[in-house]
Structures are given as C-alpha cells and as structure tokens.
Amino acid sequence: MAAVLIATLLLAGCAGRDYRPVADTPVRIGPSYTVRGVTYVPAADPRYDELGSASWYGNESGNQTANGERFRPKGISAAHKTLPLPSYVEVTSLSTGRTILVRVNDRGPFARGRLIDLSRGAADLLGMRVAGGGAVRVRRVDPPARDAARLRAGKPASERPTVSGRVLDNLRAQLAAGERAGLVPR
C-alpha cells in the first residue's frame with residue numbers, strides 16, 4: 001500500500017507541470033533580470049544582428065522554457081538572453097555558411113561569451129552538433145507565416161540559401177575585429 005501511495009505521488013508530481021501552448025502570442029519582453037551577478041535587459045530590437053558564439057543544449061527534454069512551453073530537443077528552437085519571447089532569428093554558421101530559421105522561446109545562455117544556445121535539432125541543421133558549437137551570425141527576422149507555423153510545430157522552416165564564401169569571409173573578419181576590440185567576448 002505504501003509503495004502504491006509513493007508511486008501515485010511521484011506520478012502526480014510529474015503531471016503537475018502546466019505547460020503553455022506553443023503560440024506566438026502574447027510576445028513577452030519581460031523585466032530585467034540578474035543571473036550570476038550579470039543583469040540582462042530584454043528589449044524589442046527589430047534590427048538585432050550580432051556575431052558571436054553558439055552552443056547547443058538538449059538534455060533538458062520536457063523542461064519548461066522561459067515562456068512556459070515544453071522544451072523539445074529535436075525542435076528548432078533557441079535560448080537568448082534579451083530577445084522577446086517568442087522571436088524568430090536567422091542563424092548562420094560562420095564555418096559552413098548554412099543558414100536556418102529558429103524560434104527563440106527560452107532564456108540563456110548564461111556562459112560567458114555565448115550569444116545563443118540552440119536546441120539539438122537546430123544544431124543538427126547547422127552542422128554544429130558534433131563540434132558542440134561555433135561562430136554564428138544571429139539576425140532577428142519576421143518569417144513567412146508558413147515557416148513560423150512549421151517552427152511552432154518543432155519542424156524546420158523552408159531551406160535558406162547558403163551564404164557565399166565572400167560574405168562568410170567578411171563576417172569572420174568582423175567577428176575577429178570585434179573580439180580584438182573587446183566588443184565581442186571570446
């Protein structure tokens with residue numbers, strides 16, 4: 001009898017999460033917050049376009065994201081410190097030139113020097129899962145409705161064109177110059 005009671009309590013604890021349905025409304029900017037002594041100020045910046053480092057995460061399957069949704073590691077999503085939740089970004093790998101659309105629905109990464117954390121599914125699409133991460137360009141976009149719907153469902157958006165070698169060289173040079181100037185953390 002005691003074993004049945006314990007099992008029932010454990011199952012009730014697992015079922016106790018109340019996940020928000022995956023939706024693009026309401027968009028939440030949120031108040032400023034502090035993590036490990038660093039204060040982050042979320043903002044609606046439609047011209048957001050940054051170069052930096054990305055990594056991926058995926059062992060948190062089923063956890064709740066910052067905007068209340070269930071985290072799906074195989075989905076095409078990301079965590080960002082200040083963009084509104086949800087937001088859509090175009091992420092370009094500076095090593096491969098691959099570009100994908102990603103839905104931002106979580107906060108992070110809180111490791112020094114990291115710009116964005118990608119879900120395992122997004123890292124796979126960019127070809128950076130095995131390496132654990134890499135240099136990227138992250139640019140906020142307003143995707144077509146069909147692509148937004150696919151991303152909400154955890155599926156990849158329409159394929160994006162690969163960035164040319166000339167543009168990649170330019171982006172890499174900008175990133176290196178920003179690191180040398182201390183504008184982009186390493």
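The values are calculated or read from the model by the stated rules, or taken from the named source; none is laboratory data. It should be emphasised that the depicted structure is a prediction, and the values quoted were computed from it without experimental measurement. Every residue, glycine as well, gets a Cβ built from its backbone with ideal geometry; the counts of neighbours run over all protein chains shown.
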Yes or no: region 162-170 includes at least one residue that is of a type outside the set (Asp, Glu) and within 20 Å of Leu83 (Cβ to Cβ). no
Looking at (1) of a type in the set (Gly, Ala, Ser); (2) under 12 Å from the mean Cα position of the chain (by Cα); (3) modelled with pLDDT under 95, find the lone condition where Ser87 falls short. (3)
Members of region 123-140 found to be touching a strand residue (DSSP E or B) at 6+ places or on another chain (Cβ under 7 Å), buried (at least 17 other Cβ atoms within 10 Å of the Cβ) and over 20 Å from Gly113 (Cβ atoms), listed by number: Leu125, Arg140
Report, by residue number, each residue of region 112-127 that is over 14 Å from the mean Cα position of the chain (by Cα) and under 11 Å from Ile100 (Cβ atoms). Gly127
Hey, among Arg139, Arg129, Arg166, which residue is out of contact with any Phe, Trp or Tyr (no Cβ under 8 Å at 6 or more places or on another chain) and not small (Gly, Ala, Ser)? Arg166
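Just the residues that are among the hydrophobic types (A, V, I, L, M, F, W, C), under 14 Å from Lys74 (Cα atoms) and out of contact with any strand residue (DSSP E or B) (no Cβ under 7 Å at 6 or more places or on another chain), please, taken from region 141-174.
If the condition is that a residue be among the hydrophobic types (A, V, I, L, M, F, W, C), under 14 Å from Lys74 (Cα atoms) and out of contact with any strand residue (DSSP E or B) (no Cβ under 7 Å at 6 or more places or on another chain), then Ala153 is the only one that fits.
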For region 64-76, name all the residues that are outside any loop (DSSP other than H, G, I, E, B) and either at pLDDT below 85 or among the basic types (Lys, Arg) (or both). Arg70
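Counting only residues that are of a type in the set (D, E, K, R) and in contact with a Leu (Cβ under 9 Å, 6 or more places away or on another chain), which one in region 70-105 is surrounded by the most Cβ atoms within 10 Å (Cβ to Cβ)?
Checking each candidate, the answer is Arg103.
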Could you list, ordered by first residue, the pairs with Cβ atoms under 8 Å in which the first is in region 74-99 and among the basic types (Lys, Arg) and the second is part of a strand (DSSP E or B), at least 6 apart or interchain? Lys74/Ser119; Lys81/Tyr40; Arg98/Thr92
Determine which member of the set Ala157, Ala145, Ala149 is touching a helix residue (DSSP H, G or I) at 6+ places or on another chain (Cβ under 6 Å), modelled with pLDDT of 95 or more and either of a type in the set (A, V, I, L, M, F, W, C) or surrounded by 15 or more Cβ atoms within 10 Å (Cβ to Cβ) (or both). Ala157
When region 168-186 is examined, which residues are found to be without any contact (Cβ under 8 Å) to a residue 24 or more places away in the chain and not polar (S, T, N, Q)? Asp169, Ala173, Ala176, Ala177, Glu179, Arg180, Ala181, Gly182, Leu183
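Please work out which residue is modelled with the lowest pLDDT, limiting yourself to region 27-63 and to residues that are of a type in the set (S, T, N, Q) and over 14 Å from the mean Cα position of the chain (by Cα).
The selected residue is Ser61.
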